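Okay, so here's the structure we're looking at.
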Amino acid sequence: MENLKEFWEQVLTRLEPLIKRTHFITWFKNTAILDMDETTMMIGVPNIFAYDWLANRYRGEILKAVSELKDGIKEIKYEVHSSLDNKDDTRGVDVKFLLRRGATKSVRKLPKKQEVKLVEGITSKLLNPKYTLSNFVIGPANRLAHAACSSVAKTPGGEYNPLFIYGGVGLGKTHLLQAVGNEILKRDCEKIVVYIPSERFVNEIVEAIGNRYTKQFRKRYRQVDCLMIDDIQFLGNKERTQEEFFHTFNELYDANKQIIISSDRPPTELLGLDDRLRSRFGMGMIADVQFPDYETRLAILHAKCREKQVLLPNEVLEFIAENAYSSIRELEGILLQAIAECQLEDRTPTVRYVAGIIKKLHKKRKLIGIDEKEISPEGRVNTISDVINIVASFYNLQRVDLVGSVRKREIMMPRQICMYLIRKELNQSYESIGKEFGGRNHTTVMHACDRIARILKKDRKLLRDVSGLKREMGL
Ligand code: ADP
Ligand code: MG
């Protein structure tokens, strides 16, 4: 049995890159090889929809992947086994686990090469091609910095030299620096463009000093057309390093080579910095990046969605723009989590879900646009009203039917499930549940809850419904 499962996992690993992620998750979830001999194979699927997709649409791909792994299989049969969806049934493959495992593997496989050697003795960090001047969203908070960068990219070593960009964490400094680098290289790929975080630069200088080749060091750097040092604040209090940097700076400057520096604060506030350097930094152009206003934040979110080719509801984007206010990095992080939810779980993230993500990151943050009572730190549903809505939409019923008094089986069962979930997951008293359901007596609610608990023990369909509902509730 285990062998069949392992084999199926191998087949799925081959299929996965060929199939849209959401489809892969939806249709291959809890599938299994039930039987296999030399020439035929029996695949079990949990429902008729999966049957349709696998047996009809993916038939060819599946057969191909199977025959790549095992000779002789001529026929694949499909069969619906609804028990495969059951948690206790261990035959089915956990596709999400498979995906996660695949994901970590491919990350590890990525070459570690994050630096390039440009000429003898000069290395740069690789520029990230995703940082460009055109995908940097402009607003009042960063317009000047962006304009200065654009100008420098067109005429390096010109008017704005050195260019000093400063601002808080996650506001786009690295993006801008690398974008300039990318642009300069796009215009002339022969140019020597060095992007280096200041810690790395400090190490290089220290090494040069230690090995007594500071003269060569300066000479080498003279070849550089554009030197970008990111997060210069780390140069503070390193006197020998600053001294050496001062000379390198002058060599480049005198040769009209472009220098771009970023920092978390303006030159005047850099602690432990040699005054000579401080005044050099101010000789060209100083521009800051501030936290952008609401409209720009929203525009950034739209731009990132376009880049990733996903559609999120406007209200969700507006909610993020309104409530993420520590940095663009945070804004992006929240958006990415929402997108991940969208893709992995195959459902559209809601404002409530996103509120949960933000709350998890910033417990104390007051959120605008949602009633705080509606969210809990894990993004869980926690009001009676939410549960009623979820159950109603799950069973395609109206809310009023669910809380009303119609005694039809199609309504009574969901109604009782709803009471059960509220009791069990929200810990509400029978009385308060009764009140929500049209003033029912607390014993009625109690009987309903007991009944569902009893049926759950033996009815798989109900068990599946309830676990689906719990998932909807974020449990
Ligand atoms: P810093 O270097 O200032 O700490 P980064 O340059 O690393 O910040 O920016 C953090 C993230 O925010 C990056 O992914 C960057 O692409 C994005 N970002 C920042 N500002 C903008 C902007 N105006 N438009 C688009 N993306 C932005
Ligand atoms: Mg940075």
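Brief remarks on what is shown
Residues checked against (1) of a type in the set (A, V, I, L, M); (2) more than 19 Å from Val169 (Cα to Cα):
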residue	(1), (2)
Arg297	no, no
Ile300	yes, no
Cys305	no, yes
Lys308	no, yes
Val316	yes, yes
Ile320	yes, no
Ser326	no, no
Ile334	yes, no
Ala338	yes, yes
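- Residues within region 259-272 that are acidic (Asp, Glu) and in a loop (DSSP other than H, G, I, E, B), tallied: 1
- The requirement of being in contact with an Asp or Glu (Cβ under 7 Å, 6 or more places away or on another chain), in contact (Cβ under 8 Å) with a residue 60 or more places away in the chain and more than 16 Å from ligand 1 (Cβ to nearest atom) is fulfilled somewhere in region 193-206, by at least one residue.
- Residues satisfying the stated conditions in region 33-50, i.e. surrounded by fewer than 22 Cβ atoms within 10 Å (Cβ to Cβ) and part of a strand (DSSP E or B): Leu34, Asp35, Met36, Thr40, Met42
- Which numbered condition Val289 misses (of (1) at pLDDT 95 or above; (2) more than 37 Å from the chain's Cα centre (by Cα); (3) of a type in the set (A, V, I, L, M, F, W, C)): (2)
- With respect to (1) touching a residue at least 24 places away in the same chain (Cβ under 8 Å); (2) under 19 Å from Leu118 (Cβ atoms), the lone exception for Cys189 is condition (1).
- Considering each residue of region 222-238 in turn, none proves to be within 12 Å of ligand 1 (Cβ to nearest atom) and in contact (Cβ under 8 Å) with a residue 60 or more places away in the chain.
- Scanning region 151-179 for residues that are of a type in the set (Phe, Trp, Tyr) and within 12 Å of ligand 2 (Cβ to nearest atom) gives a single hit, Tyr166.
- One residue stands out in region 426-475 among those that are among the acidic types (Asp, Glu) and more than 18 Å from Leu402 (Cα to Cα): the one that is farthest from the chain's Cα centre (by Cα), namely Asp450.
- Any hit, region 180-195, residues being under 16 Å from Thr132 (Cβ atoms) and within 12 Å of ligand 2 (Cβ to nearest atom): yes
- Test: residue in region 259-266 that is at pLDDT 95 or above, more than 16 Å from ligand 1 (Cβ to nearest atom), crowded, with 21+ Cβ neighbours inside 10 Å and farther than 22 Å from Cys226 by Cβ: no
- When residues of region 220-258 are limited to those that are within 16 Å of ligand 2 (Cβ to nearest atom) and in a strand (DSSP E or B), the one surrounded by the fewest Cβ atoms within 10 Å (Cβ to Cβ): Asp230
- Residue ID - surrounded by the most Cβ atoms within 10 Å (Cβ to Cβ), chosen from residues in region 143-182 that are outside any helix (DSSP H, G or I), within 8 Å of ligand 1 (Cβ to nearest atom) and of a type in the set (A, V, I, L, M, F, W, C): Leu171
- Residue within region 245-255 that is within 15 Å of ligand 1 (Cβ to nearest atom) and of a type in the set (D, E, K, R) present: no
- Some residue of region 13-25 being over 17 Å from Ser67 (Cβ atoms) and among the polar types (S, T, N, Q): yes
- Of all the listed residues (Glu295, Glu315), the sole one being modelled with pLDDT of 95 or more, more than 15 Å from the chain's Cα centre (by Cα) and away from ligand 1 (no atom under 11 Å from the Cβ) is Glu295.
- Within region 153-172, residues that are within 23 Å of Thr248 (Cα to Cα) have Cβ atoms under 6 Å from residues that are more than 14 Å from ligand 1 (Cβ to nearest atom) and of a type in the set (Asp, Glu) in these pairs: Ala153/Glu183, counting only partners at least 6 apart in sequence or on another chain.
- Filtered by the rule that a residue be surrounded by 15 or more Cβ atoms within 10 Å (Cβ to Cβ) and more than 17 Å from Glu472 (Cβ to Cβ), region 330-342 gives Glu330, Leu331, Glu332, Gly333, Ile334, Leu335, Gln337, Ile339.
- Phe217 falls short on exactly one of the conditions (1) modelled with pLDDT of 95 or more; (2) more than 16 Å from ligand 1 (Cβ to nearest atom); (3) assigned to a helix (DSSP H, G or I), and that condition is (1).
The values are calculated or read from the model by the stated rules, or taken from the named source; none is laboratory data. Not measured: the values here are computed from a predicted model. Note: ideal-geometry Cβ built from the backbone for every residue, glycine included; neighbour counts use all protein chains shown.
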